[in-house]
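The values are calculated or read from the model by the stated rules, or taken from the named source; none is laboratory data. None of the values given here were measured: they were computed from a predicted structure. We place every Cβ from the backbone using ideal geometry, glycine too, and count neighbours over all the protein chains shown. Surface areas here come from the heavy atoms of the whole protein model, side chains and all, with no ligands, DNA or RNA. Shrake-Rupley method; radii C 1.70, N 1.55, O 1.52, S 1.80 Å.
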Amino acid sequence: PDLLSTHSPKAGWLGRVAAWMAGVPVIFTAHGWAFSEGVGATKQRLYALAERLVAPFALKIIAVSDHDRELAAQFGVGRPGQFVTVHNGMPEVDDRLRANPSAEPPHLVMVARMEAQKDHRTLLQALKPLANLDWTLSLVGTGPLMEETRRLAEELGLAKRVTFLGERRDVAEILAGCQIFLLVSNHEGFPRSILEAMRAGLPVITSDVGGSRESVVDGENGILVQRRDVDGLTRALGKLISNPALRSRMGASGRRSFEENFQFSTLYAKTRNIYRSVLPDRGGMAEGEWRDSRSSLNTRAGKPRTDAPGVAK
């Protein structure tokens, strides 16, 4: 191939090593680091070490948020010149898939896998004190904690308020029928689900983790709460559940932000420019420069300096 573009921790690690061995230019996109806050100190150190080992093999590292780029610098992963931030983007949808946030009673929705990263427990605990208000909740997604989450909803007396929708292919349609979007997490990269909610014109309540604050501006298009803060989440939920005008204002603000910053066309253009900037004979690095770059990596890895095979034309 002319270029290898790698994603996710395991494939990203193996792919960069394979590309280096084959003499193929490689780019890595970090969709949130495995050493993000909230994964535990031991895992952070281990995953950061693994990333430091292979970071030099990538010509560019794309971070999906400024937060991830700053986190890499904090843990000594890569060089500043390697990094570029390209926020996630989502394709536009038909106007019929726009929500009406002011509709009553409000229907809440969270789209997330049911596993430890996503904190459904904190969400349900935060909703219990609001049982006197009129609301319902849909949970979209499956995972190992699904049955545990069902039992918790029953224990908290919320079973009749909460619907478990499982895995769905019609998320855009579901969002269009809701009034508040939720993403309660222990750690994140730059969540696409928030962008889907903003695209639908929904106000967002989300944990202030990862790059969430780069899409959700607290008090403008949503509300940020601290990780595992049950009381803070209860206050945020109560504020939006009881105020349809505020939901409408925040939803409209989120929709404008999506249009200006997070459309797929923006993501595509930025990523294409990065690809072109590193490809030999495509307006980027000359082939000799790429060979020199790989030879330098060979030296640092303790291998003899040898020319790399040419990139496939």
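Compute the normalised compactness of region 1-87: alpha-carbon radius of gyration over 2.2 N^0.38 Å, N being the residue count.
My calculation over the Cα atoms of region 1-87 gives 1.01.
Using the per-residue mean of other Cβ atoms lying within 10 Å as a proxy for protection, in what order, highest first, do the peptides 140-152, 233-245 fall?
233-245, 140-152
Listed highest first by mean packing, meaning other Cβ atoms within 10 Å per residue, what order do 2-10, 63-71 come in?
Top to bottom by mean Cβ count within 10 Å: 63-71, 2-10.
Please report, in whole Å³, the volume per residue of the convex hull around the C-alpha atoms of the chain.
Considering the Cα atoms of the chain, their hull volume per residue is 135 Å³.
Does region 119-258 come out rounded, prolate or oblate by the C-alpha gyration tensor, with a ≥ b ≥ c the root eigenvalues, rounded set by a/c under 1.5 and, if not, prolate when a/b is larger than b/c and oblate if not?
Taking the square roots of the gyration eigenvalues as a ≥ b ≥ c, region 119-258 is rounded.
Accessible area of region 124-249 with a 1.4 Å probe: how many percent of it is carbon plus sulfur?
Percent of accessible area from carbon and sulfur atoms in region 124-249: 45.
Take peptides 31-37, 83-89 and line them up by average Cβ neighbours within 10 Å, highest first, as a rough protection proxy.
Going from most to least packed, we get 31-37, 83-89.
Compute the helix-to-body angle for 230-241: its Cα long axis versus the longest principal axis of the chain, expressed 0 to 90° and rounded to tens.
70 degrees
With an 8 Å cut-off on Cα pairs and a minimum separation of 6 or more residues, tell me the relative contact order of region 118-261 in percent.
25 percent
Shape call for region 112-164 from the C-alpha gyration tensor, a ≥ b ≥ c root eigenvalues: rounded (a/c under 1.5), prolate (a/b greater than b/c) or oblate?
It comes out prolate by the Cα gyration axes.
Which percent, to the nearest 5, of DSSP beta bridges fully inside the chain are antiparallel?
Just about 5 percent of them are antiparallel.
Could you name the aspartates and glutamates whose alpha carbon sits less than 15 Å from that of residue 10, not counting residues in the same chain fewer than 8 places away?
The qualifying aspartates and glutamates are 51.
Rounded, prolate or oblate for region 177-271? Axes are the square roots of the Cα gyration tensor eigenvalues, ordered a ≥ b ≥ c, and the cut-off for rounded is a/c under 1.5.
Oblate.
Tell me, what is the percent relative contact order of region 80-154, built from C-alpha pairs under 8 Å that lie six or more residues apart?
This gives 38 percent for region 80-154.
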